[in-house]
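The structure appears right after this line, and notes come after that.
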Amino acid sequence: MISTYHAALLADSGILMLGALSVYIILATGQLSLGNAGFMGIGAYLASYLTVEAGLPLTLALVLSALAAGMVGIVIGFPALRLRGIYLAMATLGFGEMVRSFFLNFEPMGGAGGFSGMVHVSVGYIWLWAGGILVLVTLLERSRLWLEIRATHDDETAASLVGLNTTATKIGAFGFGAAVAAVAGGLFAHHHVYIEPANFGFDRSIELVLAVILGGSTVAPGALVGAVLLVLLPETLRFLADWRLAAFGTLLVLVLLVRRQGILDRGLFRALTFRRQAS
Amino acid sequence: MSTMPAPLLSLVDVTRTFGGVQALSGVSLDVAAGRITGVIGPNGAGKTTLFNVITGAYTPTAGEIYLDGARLTGLKPYQIARAGIARTFQNIRLFSSMSVWEHLLVAQRHDGSVFGRLLPAGLARSKAGREAEKALVFFGLEKVRDRPARELPYGTQRKVEMARALTANPRLLLLDEPIAGMSHEEADELRHLLMRLRADGLTILLIEHDMTFVMNLCDRIHVLDFGRQIAHGTPEAVRTDPAVLDAYLGADT
């Protein structure tokens, strides 16, 4: 048996990794979303409502929440088409804050007081989802659909001129990313068994982006590396006491200076998985 | 050339203005199926604008464009590409994260169902994998198959771009200055590749500044100057056309 402390760290890593993956999927098409905590919040509240109030089993609740958030993601994907770079980042940030303040004022789900009553889930269940989705996205990365995603990221104009529907690709990525974020949110709610709007604020969105940038923004398993680091580093740096956050910040700056693509990139991932190296 | 084959691409009175400037004014031209057609003209004549209008990057301010009788005007670039028009760019545009092999897979419409696209890309057995292999051999890119395309020499990058365009299985291939920056040998090799493609029935429309290359290769030539078509015909006819000589030699009037 692993200790409660370690189980909690493991659960946090799994949930953070899913959140990071949701950012990664959208980023893969060249769109930076700073509002994924919003999708996470939708998933958390909806899944909690479905298990606590409607009495549905958790797995079904998570699937339904993912579908609902996916649709919201597609709706957000349309206006996002008109925005690029920093403007898109600001607009998605606005979306995230919108969701947070909605739940803050939404009394049926507790408003500012939060919502509870969920049944606690095991670490194993969390990692079943986290591992499953990570494997799914990693496999998807070898498909031609993912080549279309990378083409959209690399040069959208050239991609459209070779016949790729970049609009559908970008909107689809928003939908898929939102669905994954919702699963992360639903698991978060049933791990902590209590949620409040502040759980899904701006800082959460930043944390998700940070995990991707740190772990590696060109391969899906980068989200795993980033999530584990973000969860474990603050723990292992405890001996630095009050200097912990400063040390953490320094480390982040160093990684970005040395490896802009993050710790794990395509070359390293290929080497680690013994796939055929470029000749 | 006693009989003209039916036109594959037709531009009817196409005009494109930017602000007050007419980049193209009233250009009408037919591109014959199975032939190589050249577009020449001094800098700023509107040649690249012509390509951008054909591929849907710009919509024409006026006029119509047809591919084999079907109206293309107003379609989105990806729809025009799927209708059968592929292009290369004057300043090469490759995908920065992709290897040569990945460039040959990304544009293919084979196994185009959602399920087909979810399978691992470029399996040797798949139709897409075989098509990519064919393109690799045709352009002699086997040795650089897994290299990032952006790290290759300039001439090779041009070939990758052309190979990517061809894997989309186009009926019409637009080449924007295909031999710019190429060595003499590379240009000659490319000329032979283009003649092989023509023999296979592909229709090609190309912009090129190198007159020897254009005159040796093209079946017909259209000459643009200040957005207007000032001459068209066989290379021999265009070479001696007074309006063309005037535009190129810049006779001051």
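Residue B:201 meets each of the listed conditions (1) touching a Gly at 6+ places or on another chain (Cβ under 8 Å); (2) surrounded by 13 or more Cβ atoms within 10 Å (Cβ to Cβ); (3) of a type outside the set (Phe, Trp, Tyr) apart from (2).
Checking A:247, A:271, A:189 one by one, the residue that is in contact (Cβ under 8 Å) with a residue 60 or more places away in the chain and of a type in the set (Gly, Ala, Ser) is A:189 and no other. Scanning region B:149-170 for residues being crowded, with 17+ Cβ neighbours inside 10 Å and in contact (Cβ under 8 Å) with a residue 40 or more places away in the chain gives a total of 14.
Hey, among A:229, A:210, which residue is at pLDDT below 95, in a helix (DSSP H, G or I), within 12 Å of the chain's Cα centre (by Cα) and of a type outside the set (Lys, Arg)?
On the way: A:229 fails: within 12 Å of the chain's Cα centre (by Cα).
The conditions single out A:210.
Based on what the data block shows, is residue A:216 buried (at least 24 other Cβ atoms within 10 Å of the Cβ), more than 20 Å from the chain's Cα centre (by Cα) and within 14 Å of chain B (Cβ to nearest Cβ)? Taking the combined requirement at face value, the residue does not satisfy it. Out of A:62, A:56, one residue alone is within 30 Å of residue A:152 (Cβ to Cβ) and either touching a His at 6+ places or on another chain (Cβ under 9 Å) or without any contact (Cβ under 8 Å) to a residue 24 or more places away in the chain (or both). It is A:62.
Just to verify a result, which residue in region A:155-165, among those that are without any contact (Cβ under 8 Å) to a residue 24 or more places away in the chain and either surrounded by fewer than 18 Cβ atoms within 10 Å (Cβ to Cβ) or more than 7 Å from chain B (Cβ to nearest Cβ) (or both), is nearest to residue B:102 (Cα to Cα)? Spell out the reasoning first.
Taking region A:155-165 as the starting set, the residues that turn out to be without any contact (Cβ under 8 Å) to a residue 24 or more places away in the chain are A:155, A:157-165.
Those still in the list that are either surrounded by fewer than 18 Cβ atoms within 10 Å (Cβ to Cβ) or more than 7 Å from chain B (Cβ to nearest Cβ) (or both) too: A:157, A:159.
Values: A:157: 17, A:159: 13 Å.
Selected residue: A:159.
Of all residue pairs spaced 6 or more apart or on separate chains, those with beta-carbon atoms under 9 Å, a first member in region A:1-21 that is within 25 Å of residue A:206 (Cβ to Cβ) and a second member that is surrounded by fewer than 17 Cβ atoms within 10 Å (Cβ to Cβ) are A:9/A:232; A:9/A:235; A:10/A:2; A:11/A:122; A:13/A:232; A:14/A:131.
Go through region A:128-148 residue by residue and tally those that are facing chain B (nearest Cβ under 10 Å) and part of a helix (DSSP H, G or I).
7
Identify the residue in region A:65-88 that is surrounded by fewer than 18 Cβ atoms within 10 Å (Cβ to Cβ) and touching a residue at least 24 places away in the same chain (Cβ under 8 Å) and, among all such residues, is nearest to residue A:33 (Cα to Cα). Top of the filtered list is A:85.
Does residue A:115 satisfy the criteria of being at pLDDT 95 or above and buried (at least 24 other Cβ atoms within 10 Å of the Cβ)? Here the answer is no, as residue A:115 does not meet what is asked. Of all the numbered requirements in (1) closer than 20 Å to residue B:52 by Cβ; (2) over 14 Å from the mean Cα position of the chain (by Cα), residue B:208 misses one, and that requirement is (2). Which of the residues that make up region B:140-152 are under 16 Å from residue A:151 (Cα atoms) and more than 10 Å from chain A (Cβ to nearest Cβ)? Residue satisfying the conditions is B:149 alone. The single condition from (1) without any contact (Cβ under 8 Å) to a residue 60 or more places away in the chain; (2) on the phi < 0 side of the Ramachandran plot that residue A:206 fails is (1). Just wondering, is there one or more residues in region A:253-276 that are of a type in the set (S, T, N, Q) and surrounded by 11 or more Cβ atoms within 10 Å (Cβ to Cβ)? So far as region A:253-276 goes, yes, one or more of its residues are of a type in the set (S, T, N, Q) and surrounded by 11 or more Cβ atoms within 10 Å (Cβ to Cβ).
Somewhere in region A:173-192, is a residue closer than 20 Å to residue B:104 by Cβ, over 16 Å from the mean Cα position of the chain (by Cα) and either away from every other protein chain (no Cβ under 14 Å) or assigned to a helix (DSSP H, G or I) (or both)? No, that holds for no residue.
Here is a yes/no grid of residues against (1) surrounded by fewer than 19 Cβ atoms within 10 Å (Cβ to Cβ); (2) in contact with a Lys or Arg (Cβ under 9 Å, 6 or more places away or on another chain); (3) assigned to a loop (DSSP other than H, G, I, E, B):
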site	(1), (2), (3)
B:206	no, no, no
B:209	yes, no, yes
B:212	yes, no, no
B:215	yes, yes, no
B:221	no, yes, no
B:231	no, no, no
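Checked against (1) within 21 Å of residue A:92 (Cα to Cα); (2) surrounded by fewer than 24 Cβ atoms within 10 Å (Cβ to Cβ); (3) within 14 Å of chain B (Cβ to nearest Cβ), residue A:152 meets all criteria but (2).
Considering B:235, B:242, B:178, the condition of being of a type outside the set (Val, Ile, Thr) and buried (at least 21 other Cβ atoms within 10 Å of the Cβ) is satisfied by B:178 alone.
Among the listed residues B:44, B:155, which satisfies the condition of being assigned to a loop (DSSP other than H, G, I, E, B) and more than 13 Å from chain A (Cβ to nearest Cβ)? Break it down stepwise before answering.
Numbers: B:155 fails: assigned to a loop (DSSP other than H, G, I, E, B).
Result of the check over B:44, B:155: B:44.
For residue B:54, the criteria (1) closer than 28 Å to residue B:211 by Cα; (2) in contact with a Phe, Trp or Tyr (Cβ under 7 Å, 6 or more places away or on another chain); (3) surrounded by 20 or more Cβ atoms within 10 Å (Cβ to Cβ) hold in every case but one, which is (2).
The values are calculated or read from the model by the stated rules, or taken from the named source; none is laboratory data. Since the model is a prediction, treat every value here as computed from it, not as a measurement. Virtual Cβ from ideal backbone geometry, glycine too; neighbours counted across all protein chains shown.
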